[in-house]
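None of the figures in this text is laboratory data; all of them are computed from the coordinates on show. Just so it is clear, the structure is predicted and the values come from calculations on it, not from any experiment. Cβ sites come from the backbone with ideal geometry, for glycine too, and all protein chains shown count toward neighbours.
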């Protein structure tokens, strides 16, 4: 599952650009021990299946920094879904991280090196309370 929804196409191309490299990578991943609890995994996916944040977006009045990567497989920017949703959040700004061999698709948002500077600037610009 992780292969299909997390990793970034350019990164996978760099790691496994040939059939032999791809087979080796898949074999290594399949041989790795499973550390996630199956019940937790099922609960997480089940609980998000019918969640729809759209009706509440217009209620957001505070500044929001939305971070996505151009190679995100779960939330691909090409669909325009995120951009359309952000129209309901006037205080939101989108940071779209360009795809590269170093990004990891949906996993890129867990890599602060790609947005730390922008996040710091965003936080510093917030009104003082």
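Taking Cα atoms, how many degrees apart are the long axis of helix 19-31 and the longest axis of the chain, rounded to 10 and kept between 0 and 90?
80
Which of these, 74, 104, 117, has the largest mean-square fluctuation under a Gaussian network model of the chain (Cα springs below 10 Å)?
Greatest mean-square fluctuation among the candidates belongs to 117.
Multiply the residue gap between residue 57 and residue 28 by 0.36 nm, knock off their C-alpha separation, and tell me the result in nm, one decimal place. Don't skip to the answer; put the middle values down first.
Details: separation 29, 0.36 × 29 = 10.44 nm, distance 4.15 nm.
Result for the pair: 6.3 nm of gain on full extension.
Points 7 angstrom from Cα along the Cβ direction at residue 100 and residue 44: gap in nanometres?
So the label points at residue 100 and residue 44 sit 2.7 nm apart.
Over the chain, calculate the relative contact order: mean separation of alpha carbon pairs under 8 Å at least 6 apart, over the residue count, as a percent.
Numbers: 130 pairs, mean separation 47.7, N = 129.
The value is 37 percent.
What angle do you read, to the nearest 10 degrees and between 0 and 90, between the alpha-carbon axis of helix 116-125 and the longest principal axis of the chain?
It works out to around 10 degrees.
Helix 38-48 against the longest principal axis of the chain: what's the angle in degrees, Cα atoms only, rounded to the nearest 10?
40
Testing the spin-label approximation: label points 7 Å from Cα along Cα→Cβ at residue 128 and residue 79. State their distance in nm.
4.2
What is the Cα coordinate range of segment 22-121 on the first, second and third principal axes, sorted by size from largest, in whole angstrom?
47, 32, 26
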